[in-house]
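Please read through the structure below; I'll follow up with questions.
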Number of protein chains: 2
Amino acid sequence: MSAAGPKPVSIFDVAKQAGVSHQTVSRVINDAPMVADTTRARVKAAIADLGYRPNRSARTLAGGAVRSVTVFTFDTSLYGTAETLRGIEDAASAAGFTVLISVLDPEQTYTDGDILGRLSHDGAPAIVIAHDETTTQARRILRKAQPGAVVATGDDQLSREPGAADWLVPLDDRVVAKRATRYLLSMGHRTVHYLAMPGKARRQDGWAEALAEVGIEPPEVVQSGWTIGSAAEAAAELVADPGVTAIMCGNDDLAFGVLHAAHRAGRSIPGDLSVIGCDDSPMAAYHVPGLTTVDLDFRGVGRSAFELLRHKLEGGPDPRPSWRSPELVVRETSGPPRQ
Amino acid sequence: MSAAGPKPVSIFDVAKQAGVSHQTVSRVINDAPMVADTTRARVKAAIADLGYRPNRSARTLAGGAVRSVTVFTFDTSLYGTAETLRGIEDAASAAGFTVLISVLDPEQTYTDGDILGRLSHDGAPAIVIAHDETTTQARRILRKAQPGAVVATGDDQLSREPGAADWLVPLDDRVVAKRATRYLLSMGHRTVHYLAMPGKARRQDGWAEALAEVGIEPPEVVQSGWTIGSAAEAAAELVADPGVTAIMCGNDDLAFGVLHAAHRAGRSIPGDLSVIGCDDSPMAAYHVPGLTTVDLDFRGVGRSAFELLRHKLEGGPDPRPSWRSPELVVRETSGPPRQ
């Protein structure tokens with residue numbers, strides 16, 4: 001419809017003609033209570049006079065063709081979250097679903113009503129990108145209220161929950177970090193240090209397990225925030241220590257912070273210090289030196305989550321998992337220790 | 001509510017007991033048409049038997065306390081978009097609003113019904129982060145249908161539209177790029193080349209104007225995609241040309257691509273080549289060398305957009321614009337040309 005076309009009648013025109021608020025018109029359209037009969041009659045007369053037609057969302061509530069899925073997620077600016085969302089959107093769009101994203105604040109506590117109230121209607125399909133406590137709690141609330149209409153992406157640890165195959169698309173963060181740590185040990189590093197992002201402990205578990213396998217007591221974990229800057233600050237002491245020859249980082253952004261701190265401290269990469277990230281974000285290949293990291297197919301996980309949800313809603317054959325296995329990508333920030 | 005608490009009655013329990021789909025239960029709850037009277041009676045009996053209480057979203061349709069704003073946006077993984085969203089979310093959360101994000105695909109064309117159908121109900125408040133043609137079209141559709149309940153962020157050029165102060169929070173991309181280009185010229189570069197991101201021509205306009213001011217014919221614009229990789233590829237020829245001494249980039253990601261291409265081509269930064277980005281994304285300060293760029297307060301713009309929307313919905317004094325002015329941040333990728 002071109003901007004130059006005739007102006008369609010809006011809910012505001014109806015409200016004006018009936019002398020009520022647009023919320024009242026909405027209530028009348030949706031046959032909701034709390035509208036006096038005389039007001040209802042006046043609004044209905046205005047609707048008829050102006051030839052107003054409620055929009056598609058009203059039709060959807062009445063069982064129309066538009067279907068939507070609500071995605072509950074943590075910070076959308078993080079690479080893993082953004083890519084998972086893209087995967088969900090791609091698959092949903094191909095299937096004719098509209099995606100609504102609801103971002104949960106990790107600092108807040110949400111009641112059942114808070115979470116369910118973010119759905120467009122009772123029983124509306126939902127996907128939870130479960131990366132932290134708040135999103136994990138949202139997943140529990142949704143699973144409890146509407147098990148037939150919710151799936152989640154999350155750590156492999158959740159696979160242990162009963163019936164998880166029915167609602168979970170897992171990504172094994174523990175195994176990923178274990179593999180990267182083993183690789184560093186295989187090159188002769190006597191130990192590997194760990195810079196942790198907030199909340200997500202499974203990668204840290206994998207790192208500790210790889211060390212334990214070969215009888216190494218894990219050194220103290222250094223805690224970082226989510227930003228590159230917080231990582232540079234958190235790692236300043238670690239990179240200045242000549243006894244530290246290898247650092248595994250919770251994700252790529254943290255690794256970029258460590259590389260910056262190492263640069264300031266005058267340590268050469270990878271001669272003095274090996275650094276490994278996790279995610280293979282777009283910058284990893286274009287950083288100088290190129291960042292060694294683990295490629296995680298978040299987009300494939302997102303697509304698979306949508307396909308699993310669709311299977312639950314519509315039946316049909318079980319969808320095949322369709323994401324790439326995580327893979328170590330060796331670039332220029334890792335190598336054997338000196339001598 | 002703990003996971004161990006008593007299981008609340010869900011819409012699925014009602015559906016099972018009444019022998020209907022959960023969509024049918026939803027229709028009955030919302031008093032929607034297309035349900036046979038006998039079915040409606042059966043569902044209502046099941047609701048009464050089980051003591052089922054519709055969730056908050058149903059109450060909202062009936063005029064309850066939860067308010068939501070739908071944000072229409074382009075790719076949420078881009079820095080500017082992600083930060084604007086954060087600003088909207090921060091302000092909305094403080095005011096007790098829930099945010100739903102609807103991502104529009106720049107490859108698709110949307111009808112009025114497609115856009116309005118993504119609102120939770122007719123007249124639902126909306127913010128459009130208008131960065132490209134698709135989001136700009138969405139803004140037009142929403143403005144036409146419900147002018148009292150929509151605001152947009154977007155380029156300053158939109159300020160020329162009648163009554164724009166009533167719905168627009170502008171960010172002047174043209175002036176920002178002009179300032180950065182003038183700075184390069186002031187250091188003695190004989191011209192400045194431009195690497196363009198898709199769609200967003202206003203920064204390019206500013207670059208061309210700064211050159212025109214001093215009588216320089218703008219060199220041919222080099223077109224990039226959105227990714228660092230596409231920028232590295234697009235700029236390969238440009239950075240290999242020893243006559244090129246300064247490149248202004250559409251955003252920081254493009255600048256990172258150019259810096260990588262320059263590294264591969266063996267050109268020193270900024271001795272052989274000055275590179276400037278735009279956005280001041282988190283990596284800019286931690287890249288080695290540090291990226292000269294323009295700091296844009298997207299988060300402040302997002303907060304201001306929400307405050308303007310709230311003012312339209314609730315009245316009260318005009319909200320003051322509360323975002324920082326764009327500022328050139330000189331780091332290590334810019335300097336005078338050799339000799």
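Would you say B:LEU291 is of a type outside the set (D, E, K, R), within 13 Å of another protein chain (Cβ to nearest Cβ), buried (at least 24 other Cβ atoms within 10 Å of the Cβ) and touching a residue at least 24 places away in the same chain (Cβ under 8 Å)?
In short, yes.
Regarding B:ASP272, is this residue in contact (Cβ under 8 Å) with a residue 60 or more places away in the chain, more than 24 Å from B:ASP75 (Cα to Cα) and surrounded by fewer than 17 Cβ atoms within 10 Å (Cβ to Cβ)?
Numbers: in contact (Cβ under 8 Å) with a residue 60 or more places away in the chain: yes; more than 24 Å from B:ASP75 (Cα to Cα): yes; surrounded by fewer than 17 Cβ atoms within 10 Å (Cβ to Cβ): yes.
So B:ASP272 fits the description; yes.
Would you check if B:VAL221 is in contact with a strand residue (DSSP E or B) (Cβ under 8 Å, 6 or more places away or on another chain), more than 14 Å from every other protein chain (Cβ to nearest Cβ), surrounded by fewer than 19 Cβ atoms within 10 Å (Cβ to Cβ) and among the aliphatic types (A, V, I, L, M)?
yes
Quick check on this structure: which one of A:VAL169, A:VAL128 is in contact (Cβ under 8 Å) with a residue 60 or more places away in the chain and of a type in the set (Val, Ile, Thr)? Walk me through how you get there before you give the answer.
Values: A:VAL128 fails: in contact (Cβ under 8 Å) with a residue 60 or more places away in the chain.
Matching residue, one of A:VAL169, A:VAL128: A:VAL169.
Conditions (1) at pLDDT 95 or above; (2) within 11 Å of A:LEU171 (Cβ to Cβ), marked per residue:
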| residue | (1), (2) |
| --- | --- |
| A:GLY290 | yes, no |
| A:VAL301 | yes, yes |
| A:LYS312 | no, no |
| A:TRP323 | no, yes |
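Separate question: If you scan the stretch A:120-134, which residues turn out to be modelled with pLDDT under 90 and within 19 Å of the chain's Cα centre (by Cα)?
A:ALA130, A:HIS131, A:ASP132, A:GLU133 - these are the residues of the stretch A:120-134 that are modelled with pLDDT under 90 and within 19 Å of the chain's Cα centre (by Cα).
Sticking with this one: Between A:ALA262, A:ALA212, A:ALA165, A:ALA208, which is of a type in the set (A, V, I, L, M), in contact with a Ser or Thr (Cβ under 9 Å, 6 or more places away or on another chain) and surrounded by fewer than 17 Cβ atoms within 10 Å (Cβ to Cβ)?
A:ALA165
Here's something else I'd like to know. Go through the stretch B:227-244 residue by residue and tally those that are more than 14 Å from every other protein chain (Cβ to nearest Cβ) and surrounded by 24 or more Cβ atoms within 10 Å (Cβ to Cβ).
Looking only at that region, the number is 0.
Cβ-Cβ distance below 7 Å, separation of 6 or more or different chains: which pairs start in the stretch B:73-84 with a residue that is more than 8 Å from every other protein chain (Cβ to nearest Cβ) and end on one that is of a type in the set (Asp, Glu)?
Close Cβ pairs satisfying both conditions: B:PHE74/B:ASP132; B:GLY80/B:ASP279; B:THR81/B:ASP75.
Suppose we filter A:PRO270, A:PRO319 for residues that are in contact with a His (Cβ under 8 Å, 6 or more places away or on another chain) and away from chain B (no Cβ under 14 Å); which single one remains?
Going through A:PRO270, A:PRO319 in turn, just one is in contact with a His (Cβ under 8 Å, 6 or more places away or on another chain) and away from chain B (no Cβ under 14 Å): A:PRO319.
Residue check, A:LEU296 against (1) out of contact with any helix residue (DSSP H, G or I) (no Cβ under 6 Å at 6 or more places or on another chain); (2) within 14 Å of chain B (Cβ to nearest Cβ); (3) crowded, with 24+ Cβ neighbours inside 10 Å; (4) over 20 Å from A:GLU233 (Cα atoms), all met but one. Which one?
The single condition A:LEU296 does not satisfy is (2).
What are the residues in the stretch A:78-120 that are touching a Pro at 6+ places or on another chain (Cβ under 9 Å) and not charged (D, E, K, R), if any?
The answer is A:TYR79, A:PHE97, A:PRO106, A:LEU119.
From the list B:ASP122, B:ASP75, pick out the single residue that is outside any helix (DSSP H, G or I) and farther than 30 Å from B:ARG324 by Cβ.
When all the criteria are applied, what remains is B:ASP122.
Could you grab me the full set of residues in the stretch A:227-249 that are outside any helix (DSSP H, G or I) and within 16 Å of B:ALA285 (Cα to Cα)?
Correct list: A:THR227 only.
Given the criterion within 15 Å of A:LEU309 (Cβ to Cβ), of a type in the set (Ser, Thr, Tyr), away from every other protein chain (no Cβ under 12 Å) and not in a loop (DSSP other than H, G, I, E, B), identify the matching residue among A:THR153, A:THR135.
The unique qualifying residue is A:THR153.
The values are calculated or read from the model by the stated rules, or taken from the named source; none is laboratory data. This structure is a prediction, so every number in the text was calculated from the model and none was measured. Glycine also receives a Cβ, built like all others from the backbone with ideal geometry; neighbour counts cover every protein chain displayed.
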